[in-house]
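Each remark here refers to the structure printed beneath this line.
None of the figures in this text is laboratory data; all of them are computed from the coordinates on show. This is a predicted model, so every value here is computed, not measured. Heads up, the Cβs are rebuilt from the backbone with ideal geometry, glycines too, and the neighbour counts pull from every protein chain shown.
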Amino acid sequence: MSRKAELFAAAGGSVLRGYRLLQRGGANIPPMWIKRASQSRCRLHKDVAQALRRKSKAGLSTLREWEKRYNKECFYYGLRVLLELARKGKTRLTKAPRI
């Protein structure tokens, strides 16, 4: 499978399905993908804080977008961990993505 951002959607957000898809193509998850996913999520923090304070339905889409980005970040992190475990039998990645 090519290294496109479609992997999250193709795997339905499942780390195990994503890992199986990666095995077919021999692709990799560069550490920068995790960093970019984190940065993308963090850019929404100000809007999320406002949405939480307002407690209105108008901010619900912002909260859903934040959740989607958080899930994507966790997905890539999980894939990276599985790939390292498969290659080396251990990983240096011990911390889950920060909120």
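So how long is each side of the chain along the principal axes, counting just the alpha-carbon atoms, biggest first, in Å?
So the three principal-axis extents are 47, 26, 18 Å.
How big is the charge dipole of the chain about its Cα centre, in debye rounded to the nearest 20, if each Lys and Arg gets +1 on its Cβ and each Asp and Glu gets -1 on its Cβ?
Numbers: 25 positive and 6 negative charges, 43 e Å.
In total the dipole reaches around 200 debye.
Against the longest alpha carbon principal axis of the chain, how many degrees, from 0 to 90 and to the nearest 10, is the axis of helix 15-25 turned?
40 degrees
Quick one: if you stick a label point 7 Å off each Cα along the C-beta vector at A10 and K88, how many nm between them?
My value for the distance between the label points is 2.6 nm.
Taking the Cα-to-Cβ direction at R24 and at H45 and moving 7 Å from each Cα, how far apart do the two end points lie in nm?
3.8 nm
Compare the Cα positions of P31, A10, L21 along the charge dipole of the chain (+1 at Cβ of Lys, Arg; -1 at Cβ of Asp, Glu; about the Cα centre) and return the one farthest towards the positive end.
So the residue furthest toward the plus end is P31.
Can you tell me the orientation of helix 60-88 relative to the chain, as the angle in degrees between its alpha-carbon axis and the longest Cα principal axis, to the nearest 10?
20 degrees
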